[in-house]
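A.B. asks: Have a look at this one.
The values are calculated or read from the model by the stated rules, or taken from the named source; none is laboratory data. All values derive from a computational prediction rather than experimental measurement. Positions of Cβ are backbone-derived with ideal geometry, glycine not excepted, and every protein chain shown enters the neighbour counts.
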Amino acid sequence: MQDTDLEGLGPKEAAEYVLAFVTTLKQTEKDLARIDEEIGMWTKRVALAESRGEASLAAQAKTRLEEIQGKKTAREAELSELKMKVSILKDKLKRLRMMPSRSVDTDLLLAQLEMVAGKKDELSAALKEEEAKAKLEELKKRMG
């Protein structure tokens, strides 16, 4: 099953599935904001170390800054993919909600049928069967 496949899910389950993707999207956006703050902090640290003449410290800070920028690049790619998937999922969810429900509640259907037609008259059915047996016996007597 692909991430964007809602096949076989009811509207409620599909909505929960889409909500999980939206939640992940929002969390990724928050992570990116936190990473941006880290980049700002490490950029300042690099500048501070360079201004104080701490070449070794500046090099370590630059290395850390590059690691964080790599994380940001990966998160941005993930965010882009999530946005695309959420867009597709929302569209599919709208179409799914517009489709008539194909599932049948058999108990509800039976209750509605009984309300319209009434309950099955078992006594009449049993008496009709007995009448048919009596007529059959009568026919057998006439032939025999």
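A.B. asks: For segment 51-81, which residues satisfy the criterion of being of a type in the set (D, E, K, R), over 29 Å from V22 (Cα atoms) and in contact with a helix residue (DSSP H, G or I) (Cβ under 8 Å, 6 or more places away or on another chain)?
C.D. replies: Listed by number, the residues that qualify are K62, R64.
A.B. asks: For segment 80-127, how many residues are surrounded by 10 or more Cβ atoms within 10 Å (Cβ to Cβ), among the aliphatic types (A, V, I, L, M), closer than 18 Å to G8 by Cα and free of Cβ contacts under 8 Å to residues at least 12 places away in the same chain?
C.D. replies: Residues that pass the stated criteria total 0.
A.B. asks: Among the residues of segment 36-49, is there at least one that is among the hydroxyl-bearing types (S, T, Y), in the same structural domain as V86 (by TED's automatic domain parsing), closer than 27 Å to D91 by Cβ and out of contact with any His (no Cβ under 7 Å at 6 or more places or on another chain)?
C.D. replies: Looking through segment 36-49, none of the residues is among the hydroxyl-bearing types (S, T, Y), in the same structural domain as V86 (by TED's automatic domain parsing), closer than 27 Å to D91 by Cβ and out of contact with any His (no Cβ under 7 Å at 6 or more places or on another chain).
A.B. asks: Take the residues of segment 1-55 that are within 30 Å of E66 (Cβ to Cβ) and of a type in the set (G, A, S): which is surrounded by the most Cβ atoms within 10 Å (Cβ to Cβ)?
C.D. replies: Across segment 1-55, the extreme among qualifying residues is A49.
A.B. asks: L79 passes all but one of (1) among the hydrophobic types (A, V, I, L, M, F, W, C); (2) over 30 Å from M99 (Cβ atoms); (3) out of contact with any Ser or Thr (no Cβ under 9 Å at 6 or more places or on another chain); which number fails?
C.D. replies: (3)
A.B. asks: Another question, then. Can you confirm whether segment 70-79 contains a residue that is more than 29 Å from P11 (Cα to Cα), acidic (D, E), at pLDDT 80 or above and surrounded by 10 or more Cβ atoms within 10 Å (Cβ to Cβ)?
C.D. replies: Yes: one or more hits.
A.B. asks: How many of the residues making up segment 1-42 are assigned to a loop (DSSP other than H, G, I, E, B), closer than 13 Å to V86 by Cβ and either without any contact (Cβ under 8 Å) to a residue 12 or more places away in the chain or among the acidic types (D, E) (or both)?
C.D. replies: The total comes to 1.
A.B. asks: Can you find a residue that is more than 28 Å from K30 (Cβ to Cβ), at pLDDT 85 or above, outside any helix (DSSP H, G or I) and not β-branched (V, I, T) anywhere in segment 45-53?
C.D. replies: Looking for residues that are more than 28 Å from K30 (Cβ to Cβ), at pLDDT 85 or above, outside any helix (DSSP H, G or I) and not β-branched (V, I, T), one finds at least one in segment 45-53, hence yes.
A.B. asks: Would you check if L89 is within 46 Å of the chain's Cα centre (by Cα) and either on the phi > 0 side of the Ramachandran plot or not assigned by TED's automatic domain parsing to the domain that holds P11 (or both)?
C.D. replies: Spelling it out, it is not the case that L89 is within 46 Å of the chain's Cα centre (by Cα) and either on the phi > 0 side of the Ramachandran plot or not assigned by TED's automatic domain parsing to the domain that holds P11 (or both).
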